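What follows is a short report on a single structure.
The values are calculated or read from the model by the stated rules, or taken from the named source; none is laboratory data. Note that the structure is predicted; figures quoted are calculated from it, not measured. With ideal geometry, Cβ positions are generated from the backbone for all residues, glycine too; neighbour counts draw on all protein chains shown. Areas reflect the complete protein model, heavy atoms only, side chains present, ligands, DNA and RNA absent. Shrake-Rupley method; radii C 1.70, N 1.55, O 1.52, S 1.80 Å.
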Amino acid sequence: MPQEQSADGSTDQRRELAKANHVLVDQGILDGFGHVSVRSDEDPTTFLLARNLAPGLVQPQDVQVLTLDGDTDDPRKPYLERHIHAQIYRARPDVRAVVHSHSPAVIPFGVSSVPLRPILHMAGFLAPRVPVFEARDTMGAGSDLLVSSAESGVALAEALGDAAVVLMRGHGSTTVGGSLPEVVYRAIYTEVNARVQVEAERLGACTYLTDEEAAATVATNTPQIGRAWQYWQDRAV
């Protein structure tokens, strides 16, 4: 999937990251809170993330460069939960982009005994499992549930493991992908799958995708993500 390019032909990740923020707001995944980041093409030991700003307001000039320790030379205030991104990039060299959101349909699956499972072909990436991060295990019984330290970021990355999505009990979820378009796609369809699963389970026993079906859908859908990415960008303008 092609990335946005600047006038001199170089990849303009800042512009693409701003667009990703706007798409996720337009699709109801982010609102005044949440964030999306991308690993730097120039230095994979750094990543790009907007300053502490509502996602719908993010412009290319608002993007900061952070290290895998969550540090930045930019004097503007960074997001409190930048350690979500930093520690996942540290633990997962395959991850190129991260979304942390509080999308509403996903929340119940992090606080109940019902696991989030792939029920439609657009969400095969949820297989074979969607783990749940329990903040109390690392942060104690009186935390604010925010992953705002390197220690809690490490714990979240460990809970994620090799999965595409990790739920965060009473908080939201974090999604990873191999590119900005892919992680945006996954964040959107995690929310869609959650809504569909709740509705289907009201009707009775459900038939979920097998791991084999899920893998097949991922292989088919991944090359098509650019089509949706362009549509979502046009909508979000």
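Filter the stretch 68-117 for residues that are hydroxyl-bearing (Ser, Thr, Tyr) and crowded, with 16+ Cβ neighbours inside 10 Å and give the result.
Of all residues in the stretch 68-117, those hydroxyl-bearing (Ser, Thr, Tyr) come to 72, 79, 89, 101, 103, 112-113.
Within the stretch 68-117, Thr72, Tyr79, Tyr89, Ser101, Ser103 qualify.
Looking for whichever is crowded, with 17+ Cβ neighbours inside 10 Å and free of Cβ contacts under 8 Å to residues at least 24 places away in the same chain here; the options are Thr138, Thr175. Which one fits? Please lay out each step first, then the result.
Numbers: Thr175 fails: free of Cβ contacts under 8 Å to residues at least 24 places away in the same chain.
Of the residues listed, the single one that is crowded, with 17+ Cβ neighbours inside 10 Å and free of Cβ contacts under 8 Å to residues at least 24 places away in the same chain is Thr138.
Looking only at residues in the stretch 178-202 that are within 19 Å of Phe109 (Cα to Cα), in contact (Cβ under 8 Å) with a residue 40 or more places away in the chain and not hydrophobic (A, V, I, L, M, F, W, C), which one is most open to solvent (accessible area, probe 1.4 Å)? So that I can check it myself, show each step before the final result.
Filtering the stretch 178-202 for residues within 19 Å of Phe109 (Cα to Cα) gives 186-202.
After this cut, where a residue has to be in contact (Cβ under 8 Å) with a residue 40 or more places away in the chain as well, the list is 186-198, 200-201.
Subsequent filtering for residues that are not hydrophobic (A, V, I, L, M, F, W, C) retains 186, 189-191, 193, 195, 197, 201.
Values: Arg186: 38, Tyr189: 48, Thr190: 2, Glu191: 9, Asn193: 0, Arg195: 120, Gln197: 0, Glu201: 63 Å².
Here the residue is Arg195.
Which of the residues belonging to the stretch 200-237 are of a type in the set (Gly, Ala, Ser) and in contact with a Phe, Trp or Tyr (Cβ under 9 Å, 6 or more places away or on another chain)?
Correct list: Ala214, Ala228.
When you scan the stretch 13-54, how many residues do you find that are free of Cβ contacts under 8 Å to residues at least 24 places away in the same chain and of a type in the set (Val, Ile, Thr)?
2
Give me the pairs: first residue in the stretch 58-87 and within 15 Å of Glu42 (Cβ to Cβ), second residue buried (at least 22 other Cβ atoms within 10 Å of the Cβ) and charged (D, E, K, R), beta-carbon distance under 7 Å, and six or more apart or on different chains, which are they?
If the second residue must be buried (at least 22 other Cβ atoms within 10 Å of the Cβ) and charged (D, E, K, R), the pairs left are Leu66/Arg82.
Determine which member of the set Ser143, Ser148 is hydroxyl-bearing (Ser, Thr, Tyr), farther than 25 Å from Val198 by Cβ and either part of a helix (DSSP H, G or I) or open to solvent by 50 Å² or more (accessible area, probe 1.4 Å) (or both).
On the way: Ser143 fails: either part of a helix (DSSP H, G or I) or open to solvent by 50 Å² or more (accessible area, probe 1.4 Å) (or both).
Testing whether each residue is hydroxyl-bearing (Ser, Thr, Tyr), farther than 25 Å from Val198 by Cβ and either part of a helix (DSSP H, G or I) or open to solvent by 50 Å² or more (accessible area, probe 1.4 Å) (or both) leaves just Ser148.
Contact list please: Cβ distance under 6 Å, first residue in the stretch 204-229 and under 16 Å from Gly178 (Cα atoms), second residue among the charged types (D, E, K, R), pairs at least six apart or on different chains.
Correct list of pairs: Ile225/Glu182.
Out of Val130, Val154, report the one residue that is crowded, with 24+ Cβ neighbours inside 10 Å and of a type outside the set (Lys, Arg).
That would be Val130, the only listed residue that is crowded, with 24+ Cβ neighbours inside 10 Å and of a type outside the set (Lys, Arg).
It is to be established whether one or more residues within the stretch 159-167 are touching a Phe, Trp or Tyr at 6+ places or on another chain (Cβ under 8 Å), open to solvent by less than 30 Å² (accessible area, probe 1.4 Å), over 24 Å from Gln233 (Cβ atoms) and part of a helix (DSSP H, G or I).
Residues of the stretch 159-167 that are touching a Phe, Trp or Tyr at 6+ places or on another chain (Cβ under 8 Å), as a first pass: 159-160, 164-167.
With open to solvent by less than 30 Å² (accessible area, probe 1.4 Å) added as a condition, the list becomes 159-160, 164-167.
Now restrict to residues that are over 24 Å from Gln233 (Cβ atoms): 159-160, 166-167.
Now narrow it down to the ones that are part of a helix (DSSP H, G or I): 159-160.
Looking for residues that are touching a Phe, Trp or Tyr at 6+ places or on another chain (Cβ under 8 Å), open to solvent by less than 30 Å² (accessible area, probe 1.4 Å), over 24 Å from Gln233 (Cβ atoms) and part of a helix (DSSP H, G or I), one finds at least one in the stretch 159-167, hence yes.
Output the number of residues of the stretch 184-237 satisfying the condition of being of a type in the set (Asp, Glu) and farther than 17 Å from Ala164 by Cβ. Working first, answer last.
Step one: of the stretch 184-237, the residues of a type in the set (Asp, Glu) are 191, 199, 201, 211-213, 234.
Now drop any that are not farther than 17 Å from Ala164 by Cβ, which leaves 199, 201, 234.
The total comes to 3.
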